[in-house]
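Reviewing the structure listed below.
The values are calculated or read from the model by the stated rules, or taken from the named source; none is laboratory data. Not measured: the values here are computed from a predicted model. For neighbour counting, all protein chains shown are included, and Cβ atoms are generated from backbone atoms with ideal geometry for every residue, glycine included. The protein model used for the area step is the full one, side chains on, heavy atoms only, and it has no ligands, DNA or RNA in it. Shrake-Rupley method; radii C 1.70, N 1.55, O 1.52, S 1.80 Å.
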Amino acid sequence: MTKRRPLIAGNWKMNGLKADGLALAAGVAAKLKAEPNVACDLLVCPPFTLLAGVIDAVAGSGVAVGGQDCHAKVSGAHTGDTSATMLADLGCKYVIVGHSERRTDHGESDAVVKAKATAAHAAGLIAVVCIGETLAQRDAGQTFEVNRSQLRGSLPEDATAANTVIAYEPVWAIGTGRVATPAQAQEVHAVIRAELAAIQGPAVAERTRILYGGSLKPDNAKELLALPDVDGGLIGGAALKVEDFWAIATSA
Ligand code: 13P
C-alpha cells in the first residue's frame, strides 16, 4: 500500500479576530518549529480577514495556509467574493471547496463546487473538496450513494493526487460532538477511495489523501487517524486551540 503523508488541516470557519487569530497561527507555527519531524503536513484555513496576517505569522515554519472558499472566476463583478488567483497571489497553498456549510448556507451544488476546484487548480492551489451525507440520508441507508455521487459531481476532470484532497465530513458529526465511529469512518473512506479508483484509476486513488472531519478531537484522533483509508483530518472546533490542534497533529 502506498504510504500517504497525513494532512492535518484546521478550518477556523467564521472565528478569530486579529489578536487571537494571529496568536493561534503563531502558536501552531512555534509548535512545528520546535518539533519539525511531526509525521504530517499542517494546514490552517483562517477567515479571509486574517489570511494575510496568518501567512506572515507562519512564514518559514512549514505550516501551510488556505482559504475556506473561492469563486470559480479569476476576477470580475462578483461583490464580496474572492478568487483562487487572489488566494494564490497572497501566498495560500490550499483552498477548501464545497464544505457542507457552504452547500447549505449558500446553496452550492456539486457543479459549483467542481467549478471552484477547477479554478483552484488553475491558480496552482490544492483543492480540499468536501463531501458527506446528512443524518437523514444516513438513516435512509443512502450514505454510500450520496458520497459517491457528490464525489463524481464535485471532482474536477484535472484532479490528481497532488492537486486534490478529499474531505469526508458527515454533516451529522460537524460541530455536534457526535463523531463517526472508526468502523463508520473507515467504511465510507474505503467507498470513496474505490469510487476515486473507478473515476481516475487505482494509482491516483491510492495516492490521494482522504481526510475525516466532524468532531475530531485529541481524545478520538488517534483511533480515527490510524484507519487504513483515513489520511488526516479537517478540524473545526479543536483547531481553535493550539494545544488541541497540536495534540491531533502528533497523533497522526
Ligand atoms: P468540527 O470539528 O467543529 O466538528 O468541524 C468539522 C468541520 O466542519 C471542519 O471543516
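The table for this structure:
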{"item": "Test: residue in the range 153-162 that is among the hydrophobic types (A, V, I, L, M, F, W, C) and open to solvent by 70 Å² or more (accessible area, probe 1.4 Å)", "result": "yes"}
{"item": "Residue that is most open to solvent (accessible area, probe 1.4 Å) [pool: residues in the range 38-51 that are outside any loop (DSSP other than H, G, I, E, B) and touching a Lys or Arg at 6+ places or on another chain (Cβ under 9 Å)]", "result": "Thr49"}
{"item": "Filter pass, Glu145 being more than 23 Å from Cys45 (Cβ to Cβ) and either assigned to a helix (DSSP H, G or I) or away from the ligand (no atom under 12 Å from the Cβ) (or both)", "result": "yes"}
{"item": "Given (1) part of a loop (DSSP other than H, G, I, E, B); (2) over 22 Å from Gly62 (Cβ atoms), index of the condition Leu216 fails", "result": "(2)"}
{"item": "Residue match in the range 1-14 (condition: touching a residue at least 12 places away in the same chain (Cβ under 8 Å), in contact with a Pro (Cβ under 7 Å, 6 or more places away or on another chain) and open to solvent by 50 Å² or more (accessible area, probe 1.4 Å))", "result": "yes"}
{"item": "Every residue from the range 189-213 that is part of a loop (DSSP other than H, G, I, E, B) and at negative phi", "result": "Thr208, Arg209"}
{"item": "The listed residue being surrounded by 23 or more Cβ atoms within 10 Å (Cβ to Cβ) and hydrophobic (A, V, I, L, M, F, W, C), out of Ala180, Ala190", "result": "Ala180"}
{"item": "Residue match in the range 7-24 (condition: in contact with a Ser or Thr (Cβ under 7 Å, 6 or more places away or on another chain) and not in a strand (DSSP E or B))", "result": "no"}
{"item": "Those residues of the range 219-248 which are in a helix (DSSP H, G or I), within 14 Å of the ligand (Cβ to nearest atom), farther than 16 Å from Ala39 by Cβ and out of contact with any Pro (no Cβ under 8 Å at 6 or more places or on another chain), in sequence order", "result": "Asp219, Asn220, Gly237, Ala239, Leu240"}
{"item": "Tally, over the range 15-27, of residues that are in contact (Cβ under 8 Å) with a residue 12 or more places away in the chain and away from the ligand (no atom under 16 Å from the Cβ)", "result": "6"}
{"item": "Some residue of the range 163-173 being out of contact with any helix residue (DSSP H, G or I) (no Cβ under 7 Å at 6 or more places or on another chain) and surrounded by fewer than 20 Cβ atoms within 10 Å (Cβ to Cβ)", "result": "no"}
{"item": "Subset of the range 37-96 (residues that are acidic (Asp, Glu) and over 21 Å from Ile235 (Cα atoms))", "result": "Asp56, Asp81, Asp89"}
{"item": "Set Gly232, Gly237, Gly201: member being out of contact with any Ser or Thr (no Cβ under 7 Å at 6 or more places or on another chain) and crowded, with 20+ Cβ neighbours inside 10 Å", "result": "Gly232"}
{"item": "Evaluation of Glu35 against (1) within 21 Å of Gly16 (Cα to Cα); (2) open to solvent by 20 Å² or more (accessible area, probe 1.4 Å); (3) acidic (Asp, Glu) (one fails), failing number", "result": "(1)"}
{"item": "Number of positions in the range 193-218 that are of a type in the set (Gly, Ala, Ser), within 16 Å of the ligand (Cβ to nearest atom) and over 12 Å from the mean Cα position of the chain (by Cα)", "result": "1"}
{"item": "Set Asp89, Asp81: member being open to solvent by 20 Å² or more (accessible area, probe 1.4 Å) and in a loop (DSSP other than H, G, I, E, B)", "result": "Asp81"}
